[in-house]
Amino acid sequence: MTAQRPVEILGIGMTTAVGLTASTTAAAVRAGVSLSRETSVLDRRFKPIVMTTVPEADLPGLSPALHATLGLTARQMRMLRLGGPALRESVAGVDRVDRIPVLLAVPEPYPGRPAVVGPGFLQQLAVQAEVPFHLERSRIFPQGRAAGFAALHEAIERLASGSDVYVIVGGIDSHLDLHLLAALDLEGRLRAERVFDGFIPGEGAAFLLLSSAGKAEHLGRSPSARIDGAASAEEPGHRYSEEFYRGDGLDLAFRRLFASTAGAVQTVYAGLNGESFNAKEWGVAYIRHRERFAEGATIEHPVDCLGDTGAALGPMLVGLAAVGINRGYRRAPCLVWCSSDCGGRGAAMVSGAQGREVR
């Protein structure tokens, strides 16, 4: 596999339970801050479900222009309110945003349920955020946690070909949905009393403004970090499949990424959410690619602080890695990876911007 052309991160925006901007989120995660708490939603044992959610008072209201929109679900409205501030932060001060497309990671549909969002969600996001991005060249990636890496891969290809000069890659998700929580509870997947192999559901949004090398000056910005490559793969034996689970999907994503990037991994931002299922495949992929990891490589798992932010997790972890490398408290290169509940698996390599390598 030929090397991908690195792209630069020019802007980062986040909305999370521990911070309403990228910098405050990164600082809270670095400090180990967690705001997991009991909610008013009860599980099947009539116990409060523990979640990590953004306080209602910290979220903007739904845009008046969207109030009359037919068919908007409570989860979609929550996602729009999460996504608006994060998208605005990522492009703050940028002119001609109307020329920039958004490649957006969104939740994968729960088996047997309809799609969480439709194509119209992009236009609704533009209205909510008051950011008139290029709708015609924008695209939704409905593959859950790993969707952000498929979006990153397409962004890298677009920037390399010159079809786009700048691209925004983002992700939005919220587990604050009664149907979803009930289904996960029945599966025994929510962390609770006597449930140790489960996760704490969360929510959030993250956006990355990307360009090819040398384009930052046209926006009057300095890149905070660069993405050396991104790769995606499918796991045949995923959680809802009848095929045998071997962990081949994440292994293949790593193989594709490592074939197009160089350097020993110094830091890992892992998409571990507390469930053993994905921890096992991480172990398989790590063992199969042990030679690509430096001695003493560190592993970060921010879900401990953020809760499981679903489709927002990929762009969020890339953004956290970029902030850490840029500020000198994380070593580069940094491997970032996530696994979806269904087949999607993805990974990316993040390094320091030119002249800012931290090793």
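Tabulated results
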quantity: Heavy-atom SASA rank of R194, R37, R30, R78 (probe 1.4 Å, accessible area, largest first); calculated: R194, R30, R37, R78
quantity: Length released on extending from A92 to A31, taking residue separation times 0.36 nm less the Cα-Cα span; calculated: 19.3 nm
quantity: Only Lys, Arg (+1) and Asp, Glu (-1) charged, at Cβ; the chain dipole about Cα centre in debye; calculated: 560
quantity: FRET efficiency, 1/(1 + (r/R0)^6) with R0 35 Å, evaluated for S276 and A160 via beta carbons; calculated: 0.35
quantity: Helix-derived mean residue ellipticity, 222 nm - over the chain, DSSP H n ≥ 4, -39500 (n - 2.57), to 500; calculated: -9000 deg cm²/dmol
quantity: Quotient of Cα Rg and 2.2 N^0.38 Å for the chain, N being how many residues it contains; calculated: 0.92
quantity: Simple Cβ-charge dipole of region 124-213, Lys/Arg +1 and Asp/Glu -1, about Cα centre, in debye nearest 20; calculated: 160
quantity: Cβ crowding within 10 Å averaged over residues, with 293-299, 266-272, 341-347 ranked highest first; calculated: 341-347, 266-272, 293-299
quantity: Heavy-atom accessible area order for H175, H134, largest first, 1.4 Å probe; calculated: H134, H175
quantity: Sites T69 and E234 - FRET efficiency at Förster radius 25 Å, r taken between beta-carbons, to 0.05; calculated: 0.15
quantity: Amide H contacts of D173 (H built 1.01 Å from N, under 5 Å, at least 5 apart or other chain); calculated: G204, A312
quantity: Tensor-based shape of region 213-357 (alpha-carbon gyration tensor, a/c under 1.5 rounded, otherwise prolate or oblate); calculated: prolate
quantity: The chain: antiparallel DSSP beta bridges as a percent of all, rounded to 5; calculated: 70
quantity: Relative contact order (%) - criterion: Cα under 8 Å, at least six apart; region: the chain; calculated: 25
quantity: With every protein chain in place, the chain: carbon and sulfur % of accessible area (1.4 Å); calculated: 53
quantity: Residue-by-residue Karplus 3J(HN,Hα) for region 217-222, coefficients 6.51, -1.76, 1.60, Hz, glycine and proline x; calculated: 5, 5, 9, x, 10, 10
quantity: Cα Rg over Rh - region 72-228, Kirkwood; calculated: 1.02
quantity: Peptides ranked, highest mean first, by Cβ atoms within 10 Å: ranges 201-212, 93-104, 18-29, 300-311; calculated: 201-212, 300-311, 18-29, 93-104
quantity: Solvent-accessible surface ranking, highest first, for K215, K280, K47 at 1.4 angstrom; calculated: K280, K47, K215
quantity: Estimated distance in nm for a label pair at R99 and A183, the labels positioned 7 Å out from Cα along Cα-to-Cβ; calculated: 4.2
quantity: Note, ³J(HN,Hα) from phi for region 310-321, Karplus 6.51, -1.76, 1.60, rounded to Hz, x at Gly and Pro; calculated: x, 5, 7, 5, x, x, 5, 5, 4, x, 5, 4
quantity: Computed over region 45-121, Cα set: Rg, Dmax in Å; calculated: 15.4, 52
quantity: Simple Cβ-charge dipole of region 91-148, Lys/Arg +1 and Asp/Glu -1, about Cα centre, in debye nearest 20; calculated: 180
quantity: Per-residue HN-Hα couplings for region 65-81 [Karplus 6.51, -1.76, 1.60; θ = phi - 60°; Hz; x = Gly/Pro]; calculated: 5, 9, 4, 8, 5, 6, x, 5, 7, 4, 5, 4, 5, 5, 5, 5, 5
quantity: Residue-normalised accessible area of region 155-223, expressed per residue, 1.4 Å probe, Å²; calculated: 39
quantity: Dipole axis of the chain (+1 Lys, Arg; -1 Asp, Glu on Cβ), positive-most option in L72, V97, S351; calculated: S351
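The values are calculated or read from the model by the stated rules, or taken from the named source; none is laboratory data. Source: prediction; values computed, not measured. FYI the Cβ positions are ideal-geometry reconstructions off the backbone, even for glycines, and counts take in every protein chain you see. Protein only, heavy atoms only, side chains kept; ligands, DNA and RNA dropped before computing areas. Shrake-Rupley method; radii C 1.70, N 1.55, O 1.52, S 1.80 Å.
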